[in-house]
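Where a number appears in this text, it was derived from the coordinates with a stated rule and is not lab data. What you see is a predicted model, and the numbers here were worked out from it, not measured in a lab. Cβ sites come from the backbone with ideal geometry, for glycine too, and all protein chains shown count toward neighbours.
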Amino acid sequence: MAIELPAELVALLRDEQSLKLLATVDAEGTPHVVSKQSLGVDDHGKIYYLELLESSRTNRNLVRAVWFGGRISVFVRAGKASWQIKGRPVQAHVAGPVFQRAYVGIRERLGDVDLAAVWVIEPEELLDESWPTRRREEEAAHPHFIHLDRIRA
Amino acid sequence: MSLAVATRSRSSQLDEVLARHPEVPRLIAVKIDAQRRGVHYTDRAVAAVDPERHQLRGSYLFGSRDAQLTPLPESLLLRDGTTILTDPTPLEQDPYLVDFLDGRFWLTDGEERIESVELWPKPAYYDRTTSSGIPMKYVVTARPQRLNIFQSSACHFWGNGNGCKFCDINSHSKQQKAELGIPTRLRPEDVAETIAAALEEPGRFTGICLTAGTDFRGAELFDSEVDHYVELLQAVGTKFRTPRFPSQLIGTAFNERQLERLHRETGLTSYTSDLEVLSERIFQWVCPGKAEKVGYQEWKRRVVAAVGIFGRGNVGTGLVGGVELAKPNGFASEDEALAVTLEEAEDLASKGVTTVYIVWVPRPGSEFREQRNASLDYYVRLAKGLHAIRAKYRLSVDFDDYRRCGNHPDSDLARLL
């Protein structure tokens with residue numbers, strides 16, 4: 001089930017300075033994680049990823065995921081904020097107006113590069129991975145998970 | 001009630017086949033089945049077609065199941081980028097429907113929505129005309145990412161009645177010329193001008209394919225056909241700054257001298273020559289002209305020889321998948337047809353030739369118009385088998401893949417390699 005991204009996360013994904021990682025898995029289930037600054041959010045709030053290399057591992061893994069219902073993960077971080085998005089690739093634009101606009105746009109940004117696909121990723125689960133949030137969640141859910149010296153009198 | 005029963009039955013057939021072949025993506029099976037059964041555009045879908053944005057049917061080498069030249073959409077794209085090359089089909093032939101529901105196009109089977117689809121986008125040059133006054137859409141036709149140059153739509157095999165029995169090239173050509181004024185033979189200047197116009201659109205095309213009917217004429221068999229290809233390829237080459245450009249020629253089985261000439265004098269990067277069916281006995285029946293002029297073994301030898309000229313992974317042969325089961329002289333069972341086909345395809349792969357198939361459509365203008373194509377299960381197994389052979393021999397099919405062509409379910413699977 002697709003979910004809506006909070007405005008803070010949309011801003012992070014659109015920020016060129018954010019660190020963005022895309023994790024996919026291959027046929028054997030081995031994760032493949034790469035930094036992908038071409039991850040973003042379009043005007044309709046959909047996550048997209050511009051794949052520049054047709055035969056890249058990421059692209060092959062995305063094809064496998066869209067064909068067999070596999071999931072991927074996107075990690076984005078800027079400053080102290082960090083999020084993980086679990087989702088599925090649901091569409092690959094390889095032709096048509098969306099593709100061609102992206103093709104022109106990426107070449108304006110990066111110069112003489114090619115474009116293989118504009119992947120559309122449907123988010124299914126959001127995790128706020130920032131340290132204060134994760135710590136608060138852990139302490140609330142698992143009060144036993146603490147070394148005693150931290151709370152000695 | 002009967003419609004509901006029929007719908008369940010058809011839908012479950014797709015599911016049953018997929019259950020037997022879990023390693024085959026559902027989207028590719030949907031493509032195969034849509035090509036196998038054809039599509040019918042509902043009135044709602046036709047009303048939603050925008051001729052400014054959507055590519056309508058234009059000039060093509062072969063005819064369609066409805067034997068008409070109606071301005072319906074050219075074809076469809078699935079959401080994974082897979083192309084479906086299929087054509088309008090009369091309702092009585094039990095096609096899938098293309099409908100327009102909730103603001104988008106859907107491939108439906110009876111009442112069931114199978115997949116959302118997009119219509120092929122219309123290229124900008126389709127609105128332009130060459131200096132000689134021919135609409136460019138009749139000179140070079142488009143697929144979502146490929147340009148087609150059909151240099152001549154006349155096939156000499158039909159001259160003495162020896163055309164391939166599944167083919168309707170000449171009857172379709174006559175119809176196109178009579179109804180639309182589409183030229184049966186292209187001039188290099190028109191082609192070059194149209195290619196230049198097509199290349200003005202950034203990100204629109206990744207390859208060029210040339211094909212035509214066979215031409216016997218010349219000092220040596222097929223010299224005239226080669227002359228025309230050389231002429232067109234050289235004209236196309238003037239529109240690129242590199243000596244070679246991603247391209248495929250699907251031609252007759254040329255000899256080594258002709259192949260070397262094509263490679264030396266043009267920017268061509270790949271060569272395909274279709275054996276159509278991988279059984280000498282059935283080839284002689286289905287393709288009597290090819291059998292008479294070249295012969296199965298010599299055709300195969302020439303395709304293999306092309307590997308030495310164009311390189312491994314740049315040479316292919318195409319099959320009209322399912323025609324090997326045509327009655328009365330085809331294989332009696334799908335199992336036997338598959339075994340023989342894959343064995344021969346493996347022999348070709350071991351020599352550097354890749355084999356791809358298209359789903360056979362018994363067209364009204366062909367001799368086999370009363371026949372039926374094979375089962376979905378057969379086509380799925382054929383796609384799997386050819387893909388596995390390519391994987392085993394690490395044979396690339398970049399020049400004829402989901403994007404550069406889009407008409408071969410087996411090479412769609414190469415996206416995973």
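Per-structure values
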{"read-out": "Helix A:131-141 axis, angle to chain A major axis (alpha carbon atoms, nearest 10°)", "value": "50"}
{"read-out": "Theoretical FRET efficiency, 1/(1+(r/R0)^6), r = Cβ-Cβ of B:LEU417 and B:ALA196, R0 25 Å, to 0.05", "value": "0.15"}
{"read-out": "Cα-centred dipole magnitude for chain B, charges only on beta-carbon of K, R (+1) and D, E (-1), debye, nearest 20", "value": "660"}
{"read-out": "Region B:61-217: C-alpha gyration tensor shape, a/c 1.5 cut-off, then a/b vs b/c", "value": "oblate"}
{"read-out": "For B:ASN148, residues with placed amide H under 5 Å, excluding near neighbours", "value": "B:THR141, B:ALA142, B:ARG143, B:CYS209"}
{"read-out": "Directionally averaged shadow of the protein assembly as shown, computed from the convex hull of its alpha-carbon atoms, nm²", "value": "30.4"}
{"read-out": "Region A:7-150 - Debye-derived log10 I(q)/I(0), Cα point model, q = 0.09, 0.13, 0.16, 0.19 Å⁻¹", "value": "-0.32, -0.62, -0.87, -1.15"}
{"read-out": "Listed residues A:ARG71, A:ARG136, A:ARG60, most fluctuating in chain A (Gaussian network, C-alpha, under 10 Å)", "value": "A:ARG136"}
{"read-out": "Pairwise label distance in nanometres, B:SER350 with B:ARG372, each label 7 Å out on the Cα-Cβ vector", "value": "3.7"}
{"read-out": "Dipole magnitude (debye, nearest 20) for region A:7-150, charges at Cβ of Lys, Arg, Asp, Glu", "value": "80"}
{"read-out": "Residue exposure sequence - A:HIS44, B:HIS228, B:HIS40, A:HIS144 - by fewest surrounding Cβ within 10 Å", "value": "A:HIS144, A:HIS44, B:HIS228, B:HIS40"}
{"read-out": "For region A:45-124 versus region B:303-335, the gap between their alpha-carbon centres in whole angstrom", "value": "36"}
{"read-out": "Length released on extending from A:ASP114 to A:ASP26, taking residue separation times 0.36 nm less the Cα-Cα span", "value": "29.3 nm"}
{"read-out": "Partner lysines for B:LYS137 [C-alpha distance under 24 Å; skip if fewer than 8 residues away on the same chain]", "value": "B:LYS122, B:LYS174, B:LYS177, B:LYS239"}
{"read-out": "Residues with amide H under 5 Å from that of B:LEU249, placed H, sequence gap 5 or more", "value": "B:LEU210, B:SER270, B:TYR271, B:THR272"}
{"read-out": "Cross-link table B:LYS351/B:LYS384; B:LYS327/B:LYS384; A:LYS46/B:LYS31; A:LYS46/A:LYS86; A:LYS36/B:LYS384, entries beyond 22 Å C-alpha to C-alpha", "value": "B:LYS327/B:LYS384; A:LYS46/B:LYS31; A:LYS36/B:LYS384"}
{"read-out": "Sorted by Cβ density within 10 Å, fewest first, the residues B:LYS327, A:LYS36", "value": "B:LYS327, A:LYS36"}
{"read-out": "Ascending count of other beta-carbon atoms within 10 Å, so fewest first, for B:SER333, B:SER247", "value": "B:SER333, B:SER247"}
{"read-out": "Stretchable slack from B:ALA339 to B:GLU189, in nm (0.36 nm times residue separation minus alpha-carbon distance)", "value": "49.3 nm"}
{"read-out": "Top positive-direction residue, dipole computed over the protein assembly as shown with Cβ charges, set B:ALA383, B:VAL303, B:GLN234", "value": "B:GLN234"}
{"read-out": "Amide N proximity, region B:356-380 versus B:SER12 label position 7 Å along Cα-to-Cβ, cut-off under 18 Å", "value": "B:376-377"}
{"read-out": "Anisotropy class of region B:204-313 from Cα gyration tensor, a/c 1.5 cut", "value": "prolate"}
{"read-out": "Ranked by how many other beta carbons lie within 10 Å on average, peptides B:202-211, B:111-120 from highest", "value": "B:202-211, B:111-120"}
